[in-house]
Amino acid sequence: PEGLATVVTIVLSIGVTNMSKRSAIIRKLTAVETLGCTQIICSDKTGTLTQNKMSLRKVYDGEKIIDLGSDGISKNSEIAMRFAALCCDGAEAESADHTEAALVSAASRYLNIVKSDFDAEFPRLASIPLTPERKIKTTVNMIEGKVFAIVRGAPDIILEKCIGEDEKKITEAYEQLCNEGLRVLAISYKTLDDVPTDPSEAELETGLQFLGLLGLADRERRGISKDIELCRKAGISTVMFTGDHINTAASIGQKIGLLKADDLSVTGEQ
């Protein structure tokens, strides 16, 4: 009887070794039971199903959609990219979040902008941070002697705050970018009479002028389509959650094999 514990330990160790060769290590036996009973896996999109490595691919300049890889950059799209870079934190792309890193990187690649020099030339005077509830971010910058409020974020929210714009035309461009699987941000601005002493949403984020839409791509994670197919063969349904526009989510879901013809895409409101 004294040798039983040793024998069990050795046998379990052999089992762990064999399992590790098949890319699975289980510390608790209940985990095996739980995994065997799993019927649905709910997954975040960004960084799990995709690589979370954003890159700016397309810009809508108010008239047409510019493909940065093949088209010439229009004056309006250049202004939108410059304002977007100013509305990013960090002197270098690496110190910003993935979305802001992509915007700063695009400004550097296509417009030869050095972020630290850019910030020194057009200093930030105030800001209202991005939050999940607000879905927009605002900075106040001094540009050539004038005070500008730059607002960047969810297109549907920014469009509600813009004046004198062809909303139908912008919405069509927005949906087209989303249908291509791109994450879309809007960029807008407002000129101010003076530097705000107490920056508020009511003061800075109303009566905006629309500048453009920014379409960012996030590649799917390598091998994710095979993983989803393995789950399907094992009888496990996979569900993706994301804060992206529903058309963007559906497009990526189709690319990775998660969304089939008879599957549903639903918004949070639905």
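The values are calculated or read from the model by the stated rules, or taken from the named source; none is laboratory data. Predicted model, so just to flag it, every value in this text is computed and none were measured. Virtual Cβ from ideal backbone geometry, glycine too; neighbours counted across all protein chains shown. Areas reflect the complete protein model, heavy atoms only, side chains present, ligands, DNA and RNA absent. Shrake-Rupley method; radii C 1.70, N 1.55, O 1.52, S 1.80 Å.
Observations
- Computed over the chain: relative contact order in percent, which uses C-alpha pairs under 8 Å that are six or more apart: 22 percent
- Positive dipole terminus of the chain, leading residue within Leu213, Ala149, Phe83 (C-beta point charges): Leu213
- Annotation: lysines with alpha-carbon distance below 20 angstrom to Lys190 (same-chain offsets under eight excluded): Lys75, Lys135, Lys137, Lys146, Lys161.
- Model label zone, Phe241; criterion: amide N under 17 Å from point 7 Å along Cα-to-beta-carbon; scope region 35-68: 39-50
- Close amide-amide hydrogen proximity is noted between Phe241 and Ser43, Asp44, Lys45, each under 5 Å apart and 5 or more residues distant or on a separate chain (H modeled in the peptide plane; Pro and chain starts excluded).
- Helix-only CD estimate at 222 nm, as mean residue ellipticity for the chain, using -39500 (n - 2.57) per DSSP H run (n ≥ 4): -11500 deg cm²/dmol
- In the context of the full set of protein chains, the chain has a per residue accessible area of 59 Å² (1.4 Å probe).
- Above-threshold pairs, the threshold being 21 Å between Cα atoms, out of Lys45/Lys115; Lys45/Lys260; Lys58/Lys255: Lys45/Lys115
- Using C-alpha pairs below 8 Å separated by at least 6 residues, the relative contact order for region 1-141 is 14 percent.
- Residue-span extension gain [Thr171 to Leu230] - 0.36 nm each, minus C-alpha spacing: 17.5 nm
- Note on the chain: with charges restricted to the Cβ of Lys and Arg (+1) and Asp and Glu (-1), its dipole about the Cα centre is near 1420 debye.
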